[in-house]
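The values are calculated or read from the model by the stated rules, or taken from the named source; none is laboratory data. Values in this document were obtained by computation on a predicted structure and should not be read as measured data. All Cβ positions, even for glycine, are placed from backbone atoms using ideal geometry, and neighbour counts span all protein chains on display. Side chains included, ligands, DNA and RNA excluded: accessible areas come from the protein's heavy atoms. Shrake-Rupley method; radii C 1.70, N 1.55, O 1.52, S 1.80 Å.
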Amino acid sequence: MPESEAAAGPVAVDRETLRLALVVGGLVLAVLLGFGLGRLNPPANPARAGAAAAGAADSAGGDHAHAPGTGAHSHDGATVTQGGGDGATGMSISSAGYTLVPTGPALTAGRAGELRFQIRDDGRRAVTRFAVVHDKPMHVIVVRRDLTGYRHLHPTMSADGTWSVPLTPSDPGTWRMYADFTAVADDGRQVAAVLGADLSVPGGYAPRPLPAPATSATVDGFTAAYTGTPEVGRSAPLKFRVTAPGGGAAPLEPYLGAYGHLVALREGDLGYLHVHPEPVRDGDAVTFWLTAPGPGRYRMFLDFQVGGVVRTAAFTLTVA
Ligand SMILES: [Cu+2]
């Protein structure tokens, strides 16, 4: 697995995790299921386990979206800081003391390249300790600024904290990259952040208009459709169903700790929305809780896995 290198980095932390697992086994198991924060740093003492377990249960309930502008708040006794003033994140290259530093070679449209970057802390040092969230220590989204060309990537980290992943931009233009991660500070504090940076891919840029709003989308014969109406400032459930090419419910497989992964990006500033999945399906529906930070148009990208292949269905959404 490409992630093994990164996951193997914080050896001392893993050992600590193992020790604590004996004390707070149930809690660690709950956290491992993929909601809330990652598994590297469980609470430092059992007294905090109760609060953390309550937090995990809250997440499992699903109604876990954070009110817009909530800012810093607490999960599992660790401080979590979200960037963005209204609940959207990813518009800033620095947030919560961390900075995204692209370090790679320039990218060329249609040519196999590599996306490379570091996350540096407020001491200008490359961060090497990350918590595993939704099965991965680092999630990277790449999209052109017209919201075409979406990619969801999981880079690997070298010992010096440089993350890299192969990337072939399909077309010229300005692309946006997002690094979605939870860093583990020296004192064990976990800080979740989504940082964004632009990447220039030289050549003529012919932006495409956003497709019309729709509640269903077809990819490789699979049709994904959702019900539910996102609202400004309120967490609302969106239920997605995927139909197989031959009809009937597609046999979804777990992907990133759930039966799907959803990212919503806002037209205009490319604000990134955290969307929290329910770990358990409702029949054949996968539920996500989404809070729209404001009115406008968004592009939602649903990753789902069938037969070992991950596909992405994209939807334009208008929030009134
Ligand atoms: Cu990911």
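Which net charge results for the neighbourhood of VAL309, defined as the other residues with beta-carbon distances under 12 angstrom from its beta-carbon, given Lys and Arg at +1 and Asp and Glu at -1? Neighbour charge sum, excluding VAL309 itself: -2. Remark on the range 199-239: hydrodynamic radius 13.9 angstrom, per the Kirkwood mean of 1/r across alpha carbon pairs. Pair-distance distribution P(r) for the range 97-187, from all Cα-Cα distances in 5 Å bins starting at 0: 3, 13, 25, 24, 17, 11, 5, 1, 0 percent. For LYS239, the solvent-accessible surface with a 1.4 Å probe is about 60 Å², rounded to the nearest 10.
Descending by average beta-carbon neighbour count within 10 Å, the peptides 137-147, 309-319 line up as 137-147, 309-319, the highest first. Beta bridges from DSSP with both residues in the range 235-320: antiparallel share about 95 percent, rounded to the nearest 5. Computed over the Cα atoms of the range 245-320, pair by distinct pair, the Kirkwood hydrodynamic radius stands at 13.4 angstrom. Give me, ordered by chain and number, the residues 5 or more places off ARG176 or on other chains with an amide H under 5 Å from its own placed amide H. Sorted by chain and number, the residues that satisfy this are VAL143, ARG144, ARG145, LEU199. Pair-distance distribution of the range 141-274: all C-alpha pairs, bin width 5 Å, starting at 0; shares per bin in whole percent are 2, 7, 13, 17, 19, 18, 13, 8, 3, 1, 0.
Here the peptides 255-265, 148-158, 99-109 are ranked by packing, the mean other Cβ count within 10 Å, and the order with the highest first is 255-265, 148-158, 99-109. All Cα-Cα separations within the range 88-130 were binned at 10 Å from zero, giving a P(r) of 26, 41, 28, 5, each value a whole percent of the pairs. The dipole here belongs to the range 127-210: it is taken about the Cα centre, uses +1 on the Cβ of Lys and Arg and -1 on the Cβ of Asp and Glu, and is about 240 debye.
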